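Chemist: Let me give you the structure first, and then I'll get to my questions.
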Amino acid sequence: MEKTLKHKNGFWDVVKSLLSGMRLTWQHFIKAGNRRTPEYVSHDNYFKQPDGLVTLKYPYEAIPVPDNGRYRLHNEIDDCIVCDLCAKICPVNCITIESVKATEDIGVTSDGTKKRLYAPVFDIDMAKCCYCGLCTTVCPTDCLTMTPVYDFPEVDIRNMIYHFTDLTPEQAEEKKQLFAKQQEEMAAAKAAALAARKQQG
């Protein structure tokens, strides 16, 4: 008798469990039309997820990212004075810079700083970057910034190197030769002046 009673109770427990699970499944199914909307992190509803689909149609929809986040680097090369501070402070050496001295006036940055150097090479390897933000902190002209772009996958890791330069390789070679020629002329003028002084003295 006791065995039969236990068997019946066990059977109804299983039925109750199945019905409870089916009720929960149907609730989710009925509410599946509800979707969250892209809202900024400071919005009151940001952490109050609606029932149903809580994901967005990525990449066509995306949740706005915080303004003070650390994401992909960008260099506004027209404002860069090629001071090399960003490359020196980088803890993972992901910034490579080469500079060429200008022999002529090349203008000023947007904050009024005079430009004296060209940047034939200004590469940032985002595959190495640790997103510490130190490079943006030391930049004197604020030309190096972290953009809101956080999703930039690549099949080939070499595509993670971003090139920012204001010269083509041919132009860079031409500027190097102009600077070398200017240095030679200055050295020749100095030697001539020294020789003239010796003759007079």
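The values are calculated or read from the model by the stated rules, or taken from the named source; none is laboratory data. Remember, predicted model here, so these are calculated numbers, not experimental data. Using ideal geometry, Cβ is built from the backbone for each residue, glycine included, and neighbour counts are taken over all protein chains shown. Please note that ligands, DNA and RNA were not included when accessible areas were found on the heavy atoms of the full protein model with its side chains. Shrake-Rupley method; radii C 1.70, N 1.55, O 1.52, S 1.80 Å.
Chemist: Residues ILE157, ILE161: which one is surrounded by fewer than 12 Cβ atoms within 10 Å (Cβ to Cβ), hydrophobic (A, V, I, L, M, F, W, C) and within 16 Å of ARG72 (Cβ to Cβ)?
Modeler: Step by step, each of ILE157, ILE161 is checked, and only ILE157 is surrounded by fewer than 12 Cβ atoms within 10 Å (Cβ to Cβ), hydrophobic (A, V, I, L, M, F, W, C) and within 16 Å of ARG72 (Cβ to Cβ).
Chemist: If you go through segment 80-111 one residue at a time, how many are open to solvent by 50 Å² or more (accessible area, probe 1.4 Å), farther than 25 Å from CYS132 by Cα and of a type in the set (Gly, Ala, Ser)?
Modeler: Residues in segment 80-111 being open to solvent by 50 Å² or more (accessible area, probe 1.4 Å), farther than 25 Å from CYS132 by Cα and of a type in the set (Gly, Ala, Ser): 1 in total.
Chemist: Would you say LYS175 is out of contact with any Leu (no Cβ under 6 Å at 6 or more places or on another chain), over 28 Å from GLY69 (Cβ atoms) and at pLDDT below 90? Explain how you work it out, then say what you get.
Modeler: Details: out of contact with any Leu (no Cβ under 6 Å at 6 or more places or on another chain): yes; over 28 Å from GLY69 (Cβ atoms): yes; at pLDDT below 90: yes.
Considered against the rule, which asks whether it is out of contact with any Leu (no Cβ under 6 Å at 6 or more places or on another chain), over 28 Å from GLY69 (Cβ atoms) and at pLDDT below 90, LYS175 comes out as yes.
Chemist: Since ASP123 meets every condition but one in (1) touching a residue at least 24 places away in the same chain (Cβ under 8 Å); (2) out of contact with any Ser or Thr (no Cβ under 6 Å at 6 or more places or on another chain), which condition does it not meet?
Modeler: Of the numbered conditions (1) touching a residue at least 24 places away in the same chain (Cβ under 8 Å); (2) out of contact with any Ser or Thr (no Cβ under 6 Å at 6 or more places or on another chain), the odd one out for ASP123 is (2).
Chemist: Which pairs do you get when a residue that is open to solvent by 70 Å² or more (accessible area, probe 1.4 Å), found in segment 29-43, comes within reach of a residue that is among the charged types (D, E, K, R), reach meaning Cβ atoms under 6 angstrom, with the pair 6+ apart or on two chains?
Modeler: LYS31/ASP51; ASN34/ASP51
Chemist: May I ask you to verify whether ASP151 is out of contact with any Phe, Trp or Tyr (no Cβ under 6 Å at 6 or more places or on another chain), under 30 Å from GLU61 (Cβ atoms), charged (D, E, K, R) and in contact (Cβ under 8 Å) with a residue 12 or more places away in the chain?
Modeler: Details: out of contact with any Phe, Trp or Tyr (no Cβ under 6 Å at 6 or more places or on another chain): yes; under 30 Å from GLU61 (Cβ atoms): yes; charged (D, E, K, R): yes; in contact (Cβ under 8 Å) with a residue 12 or more places away in the chain: yes.
Judged against the criteria, ASP151 is a match.
Chemist: Let me ask something else. Counting only residues that are more than 25 Å from PHE122 (Cβ to Cβ) and among the aromatic types (Phe, Trp, Tyr), which one in segment 53-79 is most open to solvent (accessible area, probe 1.4 Å)?
Modeler: TYR60
Chemist: Does segment 8-27 contain at least one residue that is open to solvent by 100 Å² or more (accessible area, probe 1.4 Å), over 28 Å from TYR60 (Cα atoms) and modelled with pLDDT under 70?
Modeler: Yes; the residues of segment 8-27 include at least one that is open to solvent by 100 Å² or more (accessible area, probe 1.4 Å), over 28 Å from TYR60 (Cα atoms) and modelled with pLDDT under 70.
Chemist: Select from segment 37-94 the residues that are modelled with pLDDT of 80 or more, assigned to a loop (DSSP other than H, G, I, E, B) and either of a type in the set (S, T, N, Q) or closer than 19 Å to LEU117 by Cα (or both) and list them in ascending order.
Modeler: Result: GLU76, CYS80, ILE81, VAL82, CYS83, ASP84, ASN93.
Chemist: Residues of segment 102-136 being on the phi > 0 side of the Ramachandran plot and hydroxyl-bearing (Ser, Thr, Tyr), which ones?
Modeler: Initially, segment 102-136 is screened for residues on the phi > 0 side of the Ramachandran plot, giving 107, 112, 131, 133.
Within segment 102-136, just TYR131 meets the criteria.
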